[in-house]
Amino acid sequence: MQRLYPLGLGEACCRKGVLSPGPDDQRRVHIPIIGYLLTSKSGRRILVDTGIHRSHIEDPDRTWRGTDFAAELSPVMRVEDTVDYRLAQLGLRAADITDVVNTHLHFDHAGNNDAFPNATFHVQRAHHQAALDNPSFPNQYWRLPGLDYSLLDGEADLGDGVSVFPTPGHAPGHQSVAVRLDSGGHTVICGDAIYEEDNLRQDSWDGHADPERARTSAHDLLERARDLRATVLYGHDAAQWRAIRQAPNWYE
Ligand SMILES: [Zn+2]
């Protein structure tokens, strides 16, 4: 791909222990919600993850009100954090997106799938099956008539230097994304295979559905990234997010 734009899609205020169980469990932290736009000279416009649904600007607890999770995490979104707004800053509309890769179908990664009727959605089949009728993956944001899902069985080349590979553990059939830029540089977009540096620093994986698989997937991912000399972009790392280029800036 020619360019990679990290898109700021808002924040969530959550208990630190949701991400990295450890000594700091009860502290409240703000974590970034992130999407990535990849653009090619050939006209591909690939969006990796779609963020939290825009209705959470008005009603932050819309999805989890009445559940135990509402006390653990609350979205914090402004109009500028909508994926439409971020694309408009780049002169694009949602209709210009040709492909969406959902690393997985949690509400902070597939919340705005409804905005992309022209896109092909790339999701692991094992994940899609696990998410059907499962309230952990609120179906109202992604299981919609008119959305075109291409279900993948393992590692897949999506063309233009983009490939996906399974990193299960955070959720069944979770996938991460490897990007080769035209300049020759590589990037690995973790999704939630690694939430933040503290998962590695504290060897802390209990915030994932299957902690042992999550640990194995994370270390496989890091080995792949080392082989490619790739930059590794974590799922919700506030310190990393502050340090990287954010759209309208880009990597190339
Ligand atoms: Zn997430």
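The values are calculated or read from the model by the stated rules, or taken from the named source; none is laboratory data. From a predicted model like this one, the values you see are computed outputs, not experimental measurements. Reconstructed Cβ throughout: ideal geometry from the backbone, glycine too, with neighbour counts over all protein chains shown.
Just a few scattered comments:
Matching residues to (1) in contact (Cβ under 8 Å) with a residue 12 or more places away in the chain; (2) out of contact with any helix residue (DSSP H, G or I) (no Cβ under 6 Å at 6 or more places or on another chain); (3) surrounded by fewer than 22 Cβ atoms within 10 Å (Cβ to Cβ):
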site	(1), (2), (3)
V83	yes, yes, no
R93	no, yes, yes
D96	yes, yes, yes
V100	yes, yes, no
L105	yes, no, no
H109	yes, yes, no
N112	yes, no, no
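- All positions within region 119-143 that are assigned to a loop (DSSP other than H, G, I, E, B), under 22 Å from H56 (Cα atoms) and among the small types (G, A, S): S136
- Flag for G111 being within 15 Å of the ligand (Cβ to nearest atom) and not charged (D, E, K, R): yes
- Checked against (1) surrounded by 21 or more Cβ atoms within 10 Å (Cβ to Cβ); (2) within 20 Å of D84 (Cα to Cα); (3) out of contact with any Leu (no Cβ under 6 Å at 6 or more places or on another chain); (4) not basic (K, R), W142 passes all but condition (3).
- Which listed residue, of S150, S163, is without any contact (Cβ under 8 Å) to a residue 40 or more places away in the chain, under 24 Å from T50 (Cβ atoms) and more than 16 Å from the chain's Cα centre (by Cα): S150
- Single residue of G169, G154, G184, G146 found to be in contact with a strand residue (DSSP E or B) (Cβ under 9 Å, 6 or more places away or on another chain) and assigned to a loop (DSSP other than H, G, I, E, B): G154
- Residue in region 114-132 that is under 20 Å from G191 (Cβ atoms), in contact (Cβ under 8 Å) with a residue 60 or more places away in the chain and within 16 Å of the ligand (Cβ to nearest atom) present: no
- Scan of region 99-108 for residues that are away from the ligand (no atom under 11 Å from the Cβ) and hydrophobic (A, V, I, L, M, F, W, C), ordered by number: V100, V101
- Residue count for region 127-139 under the criterion of being over 17 Å from the mean Cα position of the chain (by Cα) and either among the acidic types (D, E) or buried (at least 18 other Cβ atoms within 10 Å of the Cβ) (or both): the result is 2.
- Of the strands (runs of 3 or more DSSP E) entirely within region 1-92, those holding at least 2 residues that are in contact with an Asp or Glu (Cβ under 7 Å, 6 or more places away or on another chain) and more than 18 Å from E252 (Cα to Cα) occupy 3-15, 28-39, 73-76.
- Among residues of region 208-232 that are over 10 Å from H186 (Cα atoms), none has a beta-carbon under 6 Å from a residue that is hydroxyl-bearing (S, T, Y) and part of a helix (DSSP H, G or I) at least six positions away or on a different chain.
- Restricting G173, G235 to residues that are within 14 Å of the ligand (Cβ to nearest atom) and surrounded by 20 or more Cβ atoms within 10 Å (Cβ to Cβ) narrows the list to G235.
- Some residue of region 146-163 being touching a Gly at 6+ places or on another chain (Cβ under 8 Å), under 26 Å from N112 (Cβ atoms) and either away from the ligand (no atom under 16 Å from the Cβ) or at pLDDT 95 or above (or both): no
- Failed item, numbered, when S40 is tested on (1) under 21 Å from T120 (Cα atoms); (2) in contact with a helix residue (DSSP H, G or I) (Cβ under 8 Å, 6 or more places away or on another chain); (3) among the small types (G, A, S): (2)
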